[in-house]
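Trainee: Right, I'll just put the structure down here and ask away after.
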There are 2 protein chains.
Amino acid sequence: MKKVEPRTLSGFMELLPSDQLKFNKIKNTIEETYQQFGFLPLDTPIIEASEVLLAKAGGETEKQIYQIKRGNSDLTLRFDLTVPLAKYVAKNYGQLNFPFRRYQIGKVYRGERAQKGRYREFYQCDIDIIGDGSLNIINDAEIPNIIYNLFNNMGLTNFVIKINNRKVLNGFLQALNLTNQSSDIMRLIDKKDKISKESLINELENLNIDPNIINKLLTFININGTNNEIINQLQTLDINNELWQEGIAELETVYQYSIQFGIKENNIQIDLGIARGLDYYTGTVYETFLTDYLELGSICSGGRYDDLAEYYTDKKLPGVGISIGLTRLFTNLNELNLLKEEPINVSDVLIIPMTNNYEYIINCYNKLMENNIYTQIFYEQRSIKSIINYAINLNIPYVIFIGDDEIKNKTVTIKNIKTFEQKTMDINNIIKEVHNEQRNI
Amino acid sequence: MKKVEPRTLSGFMELLPSDQLKFNKIKNTIEETYQQFGFLPLDTPIIEASEVLLAKAGGETEKQIYQIKRGNSDLTLRFDLTVPLAKYVAKNYGQLNFPFRRYQIGKVYRGERAQKGRYREFYQCDIDIIGDGSLNIINDAEIPNIIYNLFNNMGLTNFVIKINNRKVLNGFLQALNLTNQSSDIMRLIDKKDKISKESLINELENLNIDPNIINKLLTFININGTNNEIINQLQTLDINNELWQEGIAELETVYQYSIQFGIKENNIQIDLGIARGLDYYTGTVYETFLTDYLELGSICSGGRYDDLAEYYTDKKLPGVGISIGLTRLFTNLNELNLLKEEPINVSDVLIIPMTNNYEYIINCYNKLMENNIYTQIFYEQRSIKSIINYAINLNIPYVIFIGDDEIKNKTVTIKNIKTFEQKTMDINNIIKEVHNEQRNI
């Protein structure tokens, strides 16, 4: 028979089981943390009507979508989890409880040029808190605490959550009469750590901005010091603009309550240069960096928005949320050996039958399983060495041999895979022995 | 702004949070049960090259696929989890440990005509044990035990796992010289419970089968009695055919060891009429029915196959596996009220601030969270009644009021949502109180 090459498309992650176990462990940690903070699960379809999914989109997004034409239907694979959320909340408004705290962990699709670290299919892990008409600013202060717990639960400690508020910059731009150019300027500021100061000045000059004002802008975005010092410097700048005042007040509230929620000072940092590229955000913005690997860029980002679903409904639905691009994050953490080192094993015990008399063997298996010791029986005819290798490769900590002697004496012989220690004993004693060193999924 | 109607495509399940929690609970139960039996997770892409995915397909499958054309790429959404598994095992053969026990739970896509109970996007939950060259028949006896545990863990007890072996029927057909028509006949037998005896005879006559032989066939497929009686009747039929003998021996082994593994007699039933429509299966076959709702059809099916990946590799990879169509099963169980009744709550406590002084409130929140009591704070300005309704709708068992009095006395006031009992006490006593009745996700 002619064979087809069994290939996987480039830009699509497909892991070997040992890595898949690690991936799932992180994914579960994220899910559990989201649940811990009261978020409800959502699972929207991967396929939506193009008209619905692209109600707002344009430009880059449209170019990257995966589109399906079937008969008269024009369908699109979701490219994020935010647009489906907007649709969902608009559609089910009357049946939801607000503030609506939802998490969604699922695959999204972007037909980007495949390159290292870029995926066409990848997991996003999102939370959002959606208000009905309004949403208290303290919700924005809960988010850094959730990020903090999330990465702590994943075993990461060297990270910094950068926060800012777009009203501060927007108010500043209003005061300088630069509002019409604000989105251009914000996009530039967003790039400030990636380009030189000279290029930044150059590009600002290209926007026909007065050099004096460019200087003020640079002074402003380079305000630094401790978080409290930054807030003080902002408060003393004495700019007479309502948005600016609102932004500073919000930023201070978010920062102070974040600390109150228990974040360590060195894990949170006000950074007036963080703006997020998306016009979507209207207040607080977040980015999260691994302090030892800043080159990875932000690994968890989000912010506050005024209106989630304006393309679908007249209801005013402000919200705040974050997103983690898990596929890329996992790849990076795995390559950098930043994942917890502990071996992951699914089974605790592998029974190796040394006889074809299975009655006693299956009884032992049942007893172990009933006692919550996850057990496999290796039925195939292989050399002992290759069966032991199966156990080693799957990190199964114990093998149990059962042959005619064991059946006669109603015992089993257990071998610890790490220490090579081997003992013959009653199956009930095995249960105690194994319970001391149990699986880790 | 012109609004787009926020609709979800028909044939695509999208649940409200309360149902999503129920769905996730079943999905988690399935996943945990699969892990318990030593299966490793896999997560293959939803999109594959059409050439790869359709290597084997034809006819009905091709008509139902979702195809994506992007530039020169011809891509297809997976329509099951078996073909991706075949590709995966062929591709990663050298890096897998055999027998390879894998589970995969994921969405698949079939562009079927939308109708009640039929989904275009649905979850399949599969396990397979893949052998390298050969696979011991006792593996086939593990599968009913897994199904048995699976449905028990889901809280279902009235179900029957029907087993058969295709070699029995194929051997019988060989002995009757009907091998050339075997797949037509097997497809008919597969339908036998759905059509009348007369239609069945009619259709067999249409295949130009001799009435004598039709009678033998009907006698054979209507052999009944207890499982042991069926095996006895088969053994005494004295048909001189190797395949037949092999099939009976395998069927007996699978049945006997299934019992040994602990399945109750009334949960397993040899049914010689079960053939499974797919030509793919070569030995043991399984179907599972809810005894009180036979009209739902099989809710968990599978079987033994000789060669998983013949379209991709020369390696002989026999296997045995099962699949659950979870989206449909969930919909049915939910409609029939067969899901466990217990309310599912994500959070244990909702704090209702009666003041804007949040310092003490957040300290209480932190203390509860540190003690593994999942807590939310309701920050929005709403009537007490509507906040209590939020707690009721989310099944949050306790609300805690904190106002100026509580702050002054360093207490909190807790209200049990079910009993309406209300007490004022120290936060540390709350921790003990709430631990007695904790969340259920």
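The values are calculated or read from the model by the stated rules, or taken from the named source; none is laboratory data. On a predicted model such as this, the values are computed, not experimentally measured, just so you know. Cβ: placed from backbone, ideal geometry, glycine included. Neighbour counts: every protein chain shown. Accessible surface areas use protein heavy atoms only, side chains included; no ligands, DNA or RNA. Shrake-Rupley method; radii C 1.70, N 1.55, O 1.52, S 1.80 Å.
Trainee: Restricting to segment A:349-440, compute how many DSSP beta bridges are antiparallel as a %, nearest 5.
Mentor: Working: 8 of 16 bridges.
Here the share of antiparallel DSSP bridges comes out near 50 percent.
Trainee: Do any residues of segment B:219-268 lose at least 10 Å² of accessible area when the full set of protein chains is present rather than just their chain alone, and if so which, with a 1.4 Å probe?
Mentor: Residues passing the criterion (a loss of at least 10 Å², heavy atoms only) are B:Tyr257, B:Gln260, B:Phe261.
Trainee: Measure nothing but the geometry: give the 0 to 90° angle between the long axis through the Cα atoms of A:384-393 and the longest principal axis through the Cα atoms of chain A, rounded to 10°.
Mentor: On a 0 to 90 degree scale, this one is about 20.
Trainee: Loop only per DSSP, at most 12 neighbouring Cβ atoms within 10 Å: give me the trypsin sites (Lys or Arg not before Pro) in segment B:332-423, ordered by residue number. Let's see the in-between values first.
Mentor: On the way: sites: B:Lys340, B:Lys367, B:Arg382, B:Lys385, B:Lys408, B:Lys410, B:Lys415, B:Lys418, B:Lys423; in loops: B:Lys340, B:Arg382, B:Lys410, B:Lys418.
Taking segment B:332-423 and a limit of 12 other Cβ atoms within 10 Å, the loop trypsin sites (Lys or Arg not before Pro) found are B:Lys410, B:Lys418.
Trainee: Using a Gaussian network model on chain A with a 10 Å cutoff between Cα atoms, which of A:Val349, A:Val320, A:Val168 fluctuates the most?
Mentor: Looking only at A:Val349, A:Val320, A:Val168, the biggest GNM fluctuation is shown by A:Val349.
Trainee: Shifting gears a bit: Rounded to the nearest 0.05, what FRET efficiency do A:Lys264 and A:Lys340 give with R0 = 30 Å and r taken as the Cβ-Cβ distance? Could you check? Intermediate results must be reported in sequence, preceding the final value.
Mentor: On the way: r = 20 Å, r/R0 = 0.67.
It comes to 0.90.
Trainee: OK, next. Taking the label point as lying 7 angstrom from Cα along the Cα-to-Cβ axis, what are the distances from A:Gln235 to the corresponding position in the remaining copies, in ascending order and in nanometres?
Mentor: So the distances to the same position in the other copies read 9.0 nm.
Trainee: Here is a follow-up. Can you give me the orientation-averaged projected area of the convex hull built on the Cα atoms of segment B:349-440, in nm²? Please report the intermediate quantities before stating the final value.
Mentor: Values: hull surface 21.6 nm².
Taking a quarter of the hull surface, the average projection is 5.4 nm².
Trainee: Quick one: net charge of B:Ala141's neighbours, Cβ under 13 Å, K/R +1, D/E -1?
Mentor: Details: positive: B:Arg304; negative: A:Glu359, B:Asp140, B:Glu142, B:Glu250, B:Glu252.
Every neighbour counted, the sum reads -4.
Trainee: May I ask you to give the solvent-accessible area per residue for chain B, in square angstrom, as obtained with a 1.4 angstrom probe? Mind showing how you got there, number by number?
Mentor: Numbers: 18540 Å² over 441 residues.
In whole numbers, chain B has 42 Å² accessible per residue.
Trainee: May I ask for the angle, rounded to the nearest 10°, between helix A:166-175 and the longest principal axis of chain A, with both axes built from Cα atoms and the value confined to 0 to 90°?
Mentor: 10 degrees
Trainee: To continue, here is another question. Taking all protein chains as present, what is the carbon and sulfur share of the accessible area of the protein assembly as shown, in % to the nearest whole number, probe 1.4 Å?
Mentor: On the way: 15900 of 37040 Å².
Within the protein assembly as shown, the accessible surface is 43 percent carbon and sulfur.
Trainee: What does the charge count near A:Glu341 come to, summing +1 for each Lys or Arg and -1 for each Asp or Glu among other residues with Cβ under 13 Å from its Cβ?
Mentor: Numbers: positive: A:Lys22, A:Lys25, A:Lys340; negative: A:Glu342.
Value of the local net charge: +2.
Trainee: Relative to the isolated chain, which residues of segment A:333-367 have their accessible area cut by 30 Å² or more in the presence of all protein chains (1.4 Å probe, heavy atoms, no ligands or nucleic acids)?
Mentor: Buried on complex formation: A:Val346, A:Tyr358, A:Ile362, A:Tyr365, A:Asn366.
Trainee: Loop-only trypsin sites (Lys or Arg not before Pro) in segment A:1-92, please: DSSP not H, G, I, E or B, and at most 11 other Cβ atoms within 10 Å.
Mentor: On the way: sites: A:Lys2, A:Lys3, A:Arg7, A:Lys22, A:Lys25, A:Lys27, A:Lys56, A:Lys63, A:Lys69, A:Arg70, A:Arg78, A:Lys87, A:Lys91; in loops: A:Lys2, A:Lys3, A:Arg7, A:Lys56, A:Arg78.
Within segment A:1-92, the qualifying trypsin sites (Lys or Arg not before Pro) (loop, at most 11 other Cβ atoms within 10 Å) are A:Lys2.
Trainee: Defining a contact as two alpha carbons under 8 Å apart and six or more residues distant in sequence, what relative contact order in percent does chain A show? Intermediate values should be presented prior to the final figure.
Mentor: Values: 691 pairs, mean separation 71.3, N = 441.
Relative contact order comes out at 16 percent.
Trainee: Per residue of chain B, what 222 nm ellipticity follows from adding -39500 (n - 2.57) for every DSSP H run with n ≥ 4, rounded to the nearest 500?
Mentor: Values: 16 runs with 172 residues, N = 441.
Mean residue ellipticity, 222 nm, calculated: -11500 deg cm²/dmol.
Trainee: In addition: With everything on Cα atoms, drop me the angle between helix B:197-206 and the longest principal axis of chain B, reported from 0 to 90° to the nearest 10.
Mentor: Taking Cα atoms only, the helix is inclined about 50 degrees.
Trainee: Just to confirm a number: summing +1 for Lys and Arg and -1 for Asp and Glu over residues other than B:Asn180 whose beta-carbon lies under 15 angstrom from that of B:Asn180, what do you get?
Mentor: Values: positive: B:Arg187; negative: B:Asp184, B:Asp210, B:Asp279.
Result for the neighbourhood of B:Asn180: -2.
Trainee: To confirm my reading of the symmetry, which residue of chain A has the Cβ nearest the axis that brings A onto B, and what whole-Å distance does it have?
Mentor: Nearest Cβ to that rotation axis, in whole Å: A:Ile68, 3.
Trainee: Report the accessible surface area buried between chains B and A, summing both sides, using a 1.4 Å probe on protein heavy atoms only, in Å² rounded to the nearest 100.
Mentor: Details: alone 23000 and 22970 Å², together 37040 Å².
Approximately 8900 Å², summed over both chains.
Trainee: Ratio of Rg to Rh for chain B, alpha carbon only, Kirkwood? Intermediate values should be presented prior to the final figure.
Mentor: Numbers: Rg = 27.8 Å, Rh = 25.5 Å.
Rounded to two decimals, Rg over Rh is 1.09.
Trainee: Does any residue of segment B:296-317 lose at least 30 Å² of accessible area with all protein chains in place compared with its chain alone, and if so which ones (probe 1.4 Å)?
Mentor: B:Glu310, B:Tyr311, B:Tyr312
Trainee: If you don't mind, another one. May I ask you to report, in nm to one decimal and beginning with the shortest, the distances from B:Lys56 to the same position in the other copies, taking label points 7 Å along Cα-to-Cβ?
Mentor: Going from nearest to farthest copy, the values are 4.3 nm.
Trainee: Also: For the protein assembly as shown, what proportion of DSSP beta bridges, expressed in % and rounded to the nearest 5, is antiparallel? Walk me through the intermediate numbers first.
Mentor: Values: 94 of 122 bridges.
Here the share of antiparallel DSSP bridges comes out near 75 percent.
Trainee: Further question on the same structure: Taking the label point as lying 7 angstrom from Cα along the Cα-to-Cβ axis, what are the distances from B:Phe420 to the corresponding position in the remaining copies, in ascending order and in nanometres?
Mentor: When each copy's label point is compared with this one, the spacings are 7.2 nm.
Trainee: In addition: Projected area of segment B:159-277, taken from the Cα convex hull and averaged over every viewing direction, in nm²?
Mentor: 7.3 nm²
Trainee: Another question about this same structure. Here is the link list: A:Lys3/B:Lys315; A:Lys87/A:Lys316; A:Lys56/B:Lys2; B:Lys367/B:Lys418; A:Lys315/B:Lys3. Which ones come out longer than 18 Å on Cα distance?
Mentor: Where the Cα-Cα span goes over 18 Å, the pairs concerned are B:Lys367/B:Lys418.
Trainee: For B:Lys69, go through the aspartates and glutamates and keep the ones whose alpha-carbon is under 18 Å away, minus same-chain ones fewer than eight residues off.
Mentor: Result set, ordered by chain and number: A:Glu48, A:Glu62, A:Asp74, A:Glu112, A:Glu121, B:Glu48, B:Glu51.
Trainee: Convert 4 °C to kelvin, take the viscosity as 1.567 mPa s, use the Kirkwood radius over C-alpha pairs of the protein assembly as shown as Rh, and evaluate the Stokes-Einstein diffusion coefficient in µm²/s, rounded to a whole number.
Mentor: Details: Rh = 30.5 Å.
For the chosen part, D equals 42 µm²/s.
Trainee: Inside 10 Å of the C-beta atoms of A:88-100, what's the mean count of C-beta atoms belonging to other chains?
Mentor: On the way: counts 4, 1, 5, 5, 6, 1, 0, 4, 3, 9, 4, 6, 1.
That average works out to 4.
Trainee: At most 10 other Cβ atoms within 10 Å plus a DSSP loop assignment makes a site exposed; report the longest stretch of chain B without any exposed GluC sites (Glu not before Pro).
Mentor: Working: sites that count: B:Glu341, B:Glu421.
Answer from the scan: B:1-340.
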